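Enquirer: Have a look at this one.
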Amino acid sequence: MDPYALDRPAGAQDDGGMGEHDHDQGDVAEPARPPLNAAQAREVTAGLREAMDDVRRSVAVLAIRVRDGDVRRSVAVLAIRVRDAHAARVWTPLGHPSWEAYCETEFGISRAQAYRLLDVARALAAIHGTVAAGTETFRTRDTDPAAAALDYGLSQRALIAVSGRTDVVAELITRRLAALAHSGLQALDEPTVRAVVRQAVRDVRIAPPPPPVDPSADPVVAAGRQLTDDLSASAHAIGELMLEVAPAYLSDTEAATGVMALLCEQIGEPLEHGLAARRYAMSGDRRALHGTVL
């Protein structure tokens with residue numbers, strides 16, 4: 001049996017060390033896993049390491065201007081392996097107290113990076129579940145069963161960007177699949193479903209932020225807020241560009257010593273600004289820009 005298969009009974013999991021990510025546990029029910037022994041845990045860890053290395057290699061290829069399809073396929077493989085490893089509590093038989101401790105010891109990545117990997121995995125799993133349900137509900141004789149495949153051509157930065165809004169993405173996907181199915185004008189084949197998913201993710205990502213709850217009547221204050229909003233939006237766009245060449249699981253040091261430094265030089269952006277923008281694109285927290293862009 002494939003140790004990374006998605007189609008297994010659903011059940012809640014808890015690693016006892018989620019910290020501020022506790023609220024994410026209920027977003028996507030993770031498949032239940034039988035306990036792993038140490039040998040199995042090492043095998044799963046080796047698979048995770050291989051998937052991380054594949055993403056790094058793909059990013060290096062992207063840096064020399066080869067199409068990014070391989071990067072996205074690598075992200076899909078990494079996402080499913082992260083999700084299955086976490087659900088199986090891979091850290092326990094290896095003697096680590098928590099997911100974050102396991103990631104730090106085995107892969108040398110920080111706690112925040114460890115949970116960004118989970119954000120990617122859960123976002124992709126939520127999309128997969130929505131597509132699987134939708135293509136089953138609205139299946140026609142022309143529907144390709146592979147339309148519910150895990151790889152939708154989504155980048156890691158796109159999945160991180162919508163990881164806190166998967167309910168909105170799911171609603172859009174469901175509604176649009178239903179509309180296509182009921183129209184009878186287009187079969188729900190794999191290319192169509194992929195296009196629906198990617199457009200839904202894009203629409204959620206570019207949706208404008210809600211207006212301030214209490215806009216200031218002072219025109220100077222209002223102008224200052226607008227300037228801050230404009231600078232933040234620009235920094236977010238730059239941050240997403242940085243994430244194209246320096247994926248979120250890389251530390252600032254790893255990102256700064258790789259192709260990101262060359263990219264910043266090419267576009268005339270100070271490296272510290274590029275790093276701050278990258279942190280902002282990952283977190284959505286404007287405090288990441290303080291002292292640099294803002």
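No value in this document is a laboratory result; all are computed from the given coordinates. Model, not experiment: these values are computed from the prediction. Virtual Cβ from ideal backbone geometry, glycine too; neighbours counted across all protein chains shown.
Enquirer: So if each residue of separation counts as 0.36 nm, and I subtract the Cα-Cα distance between ALA179 and ASP203, what length gain in nm does that give? Show your work: numbers first, answer last.
Expert: Details: separation 24, 0.36 × 24 = 8.64 nm, distance 1.69 nm.
Once the chain is fully extended between ALA179 and ASP203, it gains 7.0 nm.
Enquirer: Using the Karplus curve 6.51 cos²θ - 1.76 cosθ + 1.60 with θ = phi - 60°, what ³J(HN,Hα) values do you get for each residue of the range 168-179, in whole Hz, with x for Gly and Pro?
Expert: So the J values, rounded to whole Hz, are 5, 4, 4, 5, 5, 4, 4, 5, 6, 5, 5, 5.
Enquirer: Here's another thing I want to ask about it. For labels at GLU104 and SER251 in the simple 7 Å Cα→Cβ model, what's the distance in nm?
Expert: Once both label points are built, they end up 1.1 nm from each other.
Enquirer: Please compute the length gained on full extension between ASN37 and ALA217, using 0.36 nm multiplied by the number of residues separating them and subtracting their Cα-Cα distance. Can you show the working numbers first?
Expert: Values: separation 180, 0.36 × 180 = 64.80 nm, distance 6.32 nm.
That works out to 58.5 nm of additional length.
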